[in-house]
Amino acid sequence: MNMQTLKVDLGDRSYPIVVGAGVLRAENLQPYLAGTQIAIITNTLVAPICLSQLEAALAGSNARIDVFELPDGEAEKTLANYIQILDFLVEKRHNRSTTVIALGGGVVGDMAGFAAATYQRGVNFIQIPTTLLAQVDSSVGGKTAVNHRFGKNLIGAFYQPKAVVADINLLQTLPARELRAGLAEVLKYGVIRDEHFFSWIETNAAALLALESEAVTHAVVRSCELKAQVVAADERESGVRAILNYGHTFGHAIEALTDYRSFLHGEAVAMGMVMAADLSLRQGLLPAAAARRVRSAVAALKLPETPPMLDTEAMLMAMGLDKKVIDGRLRLVLCRSIGDAFVTDDVDTALLRETLCAGESLCVG
């Protein structure tokens, strides 16, 4: 078993990220369990594939295990389903010493985490991400939330897990589309913070798409390292952490305007990254060759490069409801170069409109 352990350094809220093939084992879970109750939150797609493996890893805990299954999909990330989780915890008489375990992708992790953050003012929480996107992004950093009909992740809390266990073997069952969606977030880390990693992704795109263990392990470890650095510097997104939202303001608007049903989150982020590169180019920040490189890398990972034709005013409205808006000013993450992203509210609205209307000409220069 090739295991690597990283640390998210947050003082008394620090926690490990255990990464590797076959790491979903008792010794990586037992130290982080509390009390004699465990609530596993999963979904109807993941449970038949992964639940028995988790239950086997927990067999020696002597805890009572209850399982709640959500429907699958981003459209299920709702207040109503969050309430159902709370109802389940109450009905099963879970107390303040229970441990909530999220077994699934980003939707399960976000909803289980929000429930853990708010149930009896906060209970023990462990993340076991089963998708690549969740392993490299949503399971790390303590963001938990549900969607509102007017925007993504508008209701939630910062709540750190006790541990993240990212077993690469769990990715073997991922549909190809889900794998590609996760690679969008991997690519994001290269764009915003590590040009060398970006170059590595360009070179290893085929190996990543083929789910070659060595390549995927490196991608997960490096992505988590970069995210852990940013989160440790800015846990609650008052400054540098906002660079992790590169491509997301565009992407969240695309998701909202398509009712969270047309695109996976990573697909929307991929299109958003190309749009952010295009706007960076139009504002004279990013060289044309670098902008084209971002778009080419998205294409190499078999991700959508250009958004559907959506009404420009509707996009602007949806972006204006994003959490990155402060005091009425839209903040976007733009780039000066690959590996150098920054947050700005100095956005030329006319140029932004050009980006929103660019279609196939994005990043042409």
Inset, instruction - Just need a number here: residues in the stretch 154-169 that are of a type in the set (S, T, N, Q) and buried (at least 21 other Cβ atoms within 10 Å of the Cβ). - result: 1
Inset, instruction - State all residues of the stretch 221-266 that are acidic (Asp, Glu), surrounded by fewer than 20 Cβ atoms within 10 Å (Cβ to Cβ) and over 16 Å from Asp9 (Cα atoms); if no residue qualifies, say none. - result: Asp259
Inset, instruction - Please name all residue pairs, on different chains or six or more residues apart, with Cβ atoms under 8 Å, provided the first residue is in the stretch 81-102 and is not assigned by TED's automatic domain parsing to the domain that holds Ala34 and the second residue is assigned to a loop (DSSP other than H, G, I, E, B) and aromatic (Phe, Trp, Tyr). - result: none
Inset, instruction - Could you list, in sequence order, all residues of the stretch 342-360 that are part of a strand (DSSP E or B) and under 22 Å from Pro307 (Cα atoms)? - result: none
Inset, instruction - Six or more apart or on different chains, Cβ under 6 Å: which pairs go from a residue in the stretch 35-61 that's within 17 Å of Ala166 (Cβ to Cβ) and assigned by TED's automatic domain parsing to the domain that holds Arg93 to one that's loosely packed, with under 15 Cβ neighbours inside 10 Å and small (Gly, Ala, Ser)? Could you list them? - result: Ala57/Ala26
Legend entry - Every residue from the stretch 175-203 that is within 14 Å of Glu267 (Cβ to Cβ) and either surrounded by fewer than 19 Cβ atoms within 10 Å (Cβ to Cβ) or modelled with pLDDT under 95 (or both): Pro175, Ala176, Arg177, Glu178
Legend entry - Counted residues, the stretch 296-320 - those being more than 19 Å from Gly182 (Cβ to Cβ) and buried (at least 21 other Cβ atoms within 10 Å of the Cβ): 4
Legend entry - the stretch 1-43, residues that are more than 19 Å from the chain's Cα centre (by Cα) and in a strand (DSSP E or B): Met3, Gln4, Thr5, Gln37, Ile38, Ala39, Ile40
Inset, instruction - Mind telling me which of the residues Val269, Val294 ends up being assigned to a helix (DSSP H, G or I), within 26 Å of Asp72 (Cα to Cα), touching a residue at least 12 places away in the same chain (Cβ under 8 Å) and of a type outside the set (Lys, Arg)? - result: Val269
Legend entry - Which numbered condition Tyr119 misses (of (1) touching a Phe, Trp or Tyr at 6+ places or on another chain (Cβ under 9 Å); (2) part of a helix (DSSP H, G or I); (3) within 19 Å of Gln37 (Cβ to Cβ)): (1)
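The values are calculated or read from the model by the stated rules, or taken from the named source; none is laboratory data. What you see is a predicted model; the values in this text were computed from it and never measured. So basically every Cβ, Gly included, is an ideal-geometry build from the backbone, and we count neighbours across all protein chains shown.
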